[in-house]
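Reading through the structure tokens given below for one structure.
The values are calculated or read from the model by the stated rules, or taken from the named source; none is laboratory data. This structure is a prediction, so every number in the text was calculated from the model and none was measured. Here the Cβ positions follow ideal geometry from the backbone for every residue, glycine too, while neighbour counts run over all protein chains shown.
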Amino acid sequence: MKVYIVGTGVDGRNTLTKEAEKAIDEAELLIGAERMLQPFQSMGKELFTSYMPQDIADKLASSSYGTAAVLLSGDCGFFSGAKKLLPLLDIYDVRIIPGISSVSYFCSRLGLSYENMKFVSLHGKAANIAVNVRLNERCFFLLGGDMTAADVCRVLCSFGLSDVTVHIGAELGYDTETVTSGKAHEFVDPAPVGLVVMVTENSGALRCVPSAINDDDFVRGEIPMTKSEVRCIAVSKLGIRTDSVVWDVGCGTGSVSVESAYRCPDGKVVSFDKKTEAAALTAKNAQLFSCDNIEVIEGSCPEVLEDAPTPDKVFIGGSSGNMNGIFDAVYAKNPFANIVVTAVSLETLNDAVSCFKKYGTAAEVVQIAVMRTKKLGSHTMLQAQNPVFIISGRLS
């Protein structure tokens, strides 16, 4: 059987390409969601209504037709159901027919280039919003499910991005199409519903991954923090990927959490501290730096680690004497996690090295001593900071 996977454009008919029309004309069986099939009801072909990959594969397996077409909205390569469907169709002669995506259609309506946009799908799933807008001048959000344009704008306002420009497109390609633009704070009340997309423009975007952020930029309290020079090295040794799940154990003010969060805009940071003030400071700094991919959990470790999402990177800035229990909890979740520990005492250094050794890993130990300048009268003096050990390794 020849199977066409056809991108039908944004409206399913007017934006259909000639190549897609030819494939649909040739097919004896049309498969797709009800909205996709509606324009072709009068063609006299068998129609099978479903958008579930396994249902589609089962229907094709039970059919005797020579040619079938699976109709998908937009373009087959842009957050499309084709991704899950294709592995189920390897016994067929499959051809993908590209369509006009919502991003190309909407950006043409706005007169914007989308070559450097960050694409984020909120269609039926959760994803990070504020941190991506903070890092990128332009973002495209595909909305759907429980996430509305108003919800996105409320998140932006909660994380210090209320003046970001937003463009909201609803029912693109249909007679009911609407396009509205303004600032995020203007759309926190219920906005257009239905098939909705959004583009954000942030002229103040960072456009880089911040490292060694100035200590004074953070909200500070009486809680100790990992200073910028130490933080820079410790975070770099974690090797955080864009989709990593990072644990910050003993998060303090959350300075490591913030720098880690910027490195995993498609992942998340889970920050733990037993002190209420520390948890509150981390939450405040997450908002200050627009890091909505930071989740703060108050409680003692290792007890609170049991229900946390599985990490691939772990930073331990404070163990309260429970280093062994924390390592055990990490190993139980992911026996191949990368761990970085900072220590200012020989006892903590010894505990960390012993824990790595317990799991068959030779830890790398680096000791750094930082000096900062301080103006005293007409002279500039060097002021020594506490030496810090950075212990790192990957569990066996």
Review point. In the list 319, 236, 290, 255, which residue meets the criterion of being modelled with pLDDT of 95 or more, among the polar types (S, T, N, Q), in contact with a helix residue (DSSP H, G or I) (Cβ under 9 Å, 6 or more places away or on another chain) and at negative phi?
Key: 255
Practice item. Inspect all residues belonging to the stretch 258-276 and state whether any of them is more than 20 Å from residue 132 (Cα to Cα) and aliphatic (A, V, I, L, M). Key: no
Practice item. Among the residues of the stretch 77-121, count how many are out of contact with any helix residue (DSSP H, G or I) (no Cβ under 7 Å at 6 or more places or on another chain), assigned to a loop (DSSP other than H, G, I, E, B), within 22 Å of residue 195 (Cα to Cα) and not hydroxyl-bearing (Ser, Thr, Tyr). Key: 7
**Study point:** the stretch 9-35 - residue that is closer than 22 Å to residue 58 by Cα and either basic (Lys, Arg) or under 33 Å from the mean Cα position of the chain (by Cα) (or both) and, of those, surrounded by the most Cβ atoms within 10 Å (Cβ to Cβ)
**Key:** 31
Check your understanding: Within the bounds of the stretch 36-57, is there any residue that is crowded, with 21+ Cβ neighbours inside 10 Å, among the polar types (S, T, N, Q), in contact (Cβ under 8 Å) with a residue 24 or more places away in the chain and not in a loop (DSSP other than H, G, I, E, B)?
Key -> no
Practice item. Could you tell me which of the residues 193, 166 is β-branched (Val, Ile, Thr) and surrounded by 15 or more Cβ atoms within 10 Å (Cβ to Cβ)? Key: 166
Point to revise | Pair list, Cβ < 6 Å and 6+ apart or interchain, from the stretch 302-321 residues that are among the hydroxyl-bearing types (Ser, Thr, Tyr) to residues that are in a loop (DSSP other than H, G, I, E, B) and surrounded by 13 or more Cβ atoms within 10 Å (Cβ to Cβ) | key: 310/334
**Study point:** Residue identified as of a type in the set (Val, Ile, Thr), more than 23 Å from residue 173 (Cα to Cα) and surrounded by 14 or more Cβ atoms within 10 Å (Cβ to Cβ) among 94, 120, 70
**Key:** 94
**Study point:** All positions within the stretch 222-237 that are buried (at least 21 other Cβ atoms within 10 Å of the Cβ) and either in contact with a Leu (Cβ under 6 Å, 6 or more places away or on another chain) or not in a loop (DSSP other than H, G, I, E, B) (or both)
**Key:** 230, 231, 234, 235
Exercise for review: Look at residue 348 and say whether it is surrounded by 19 or more Cβ atoms within 10 Å (Cβ to Cβ), under 28 Å from residue 261 (Cβ atoms), of a type in the set (Ser, Thr, Tyr) and assigned by TED's automatic domain parsing to the domain that holds residue 227.
Suggested key: yes
Review point. Going through the stretch 157-190 one residue at a time, which ones are at positive phi and in contact (Cβ under 8 Å) with a residue 40 or more places away in the chain?
Key: 160, 173
Review point. If residue 148 satisfies every condition in (1) touching a Leu at 6+ places or on another chain (Cβ under 7 Å); (2) under 29 Å from residue 258 (Cβ atoms); (3) not basic (Lys, Arg) but one, which is the exception?
Key: (1)
Practice item. Tell me, yes or no, whether the stretch 295-314 has at least one residue that is over 22 Å from the mean Cα position of the chain (by Cα), modelled with pLDDT of 95 or more, of a type in the set (Val, Ile, Thr) and within 25 Å of residue 233 (Cβ to Cβ). Key: no
Review point. Any residue at all in the stretch 51-60 that is of a type in the set (D, E, K, R), more than 18 Å from residue 88 (Cα to Cα) and outside the structural domain of residue 175 (by TED's automatic domain parsing)?
Key: no
Check your understanding: Looking at the stretch 324-343, which of the residues that are more than 15 Å from residue 301 (Cα to Cα) and more than 25 Å from the chain's Cα centre (by Cα) is surrounded by the fewest Cβ atoms within 10 Å (Cβ to Cβ)?
Key -> 343
Study note, to complete from the structure: Among residues of the stretch 123-147 being aliphatic (A, V, I, L, M), farther than 15 Å from residue 164 by Cα and under 10 Å from the mean Cα position of the chain (by Cα), the residue surrounded by the most Cβ atoms within 10 Å (Cβ to Cβ) is 127
Check your understanding: Quick check: anything in the stretch 8-29 assigned to a strand (DSSP E or B), in contact (Cβ under 8 Å) with a residue 40 or more places away in the chain and not polar (S, T, N, Q)?
Key -> yes
Check your understanding: Inside the stretch 265-283, can you point out the residues that are crowded, with 16+ Cβ neighbours inside 10 Å and closer than 21 Å to residue 210 by Cα?
Key -> 265, 267, 268, 269, 270, 271, 281, 282, 283
Practice item. Hey, could you check the stretch 242-260 for residues that are of a type outside the set (A, V, I, L, M) and in contact with a Cys (Cβ under 7 Å, 6 or more places away or on another chain) and say which is nearest to residue 211 (Cα to Cα)? Key: 257
Check your understanding: What is the one condition in (1) under 18 Å from residue 292 (Cα atoms); (2) of a type in the set (A, V, I, L, M, F, W, C); (3) touching a strand residue (DSSP E or B) at 6+ places or on another chain (Cβ under 8 Å) that residue 150 does not satisfy?
Key -> (3)
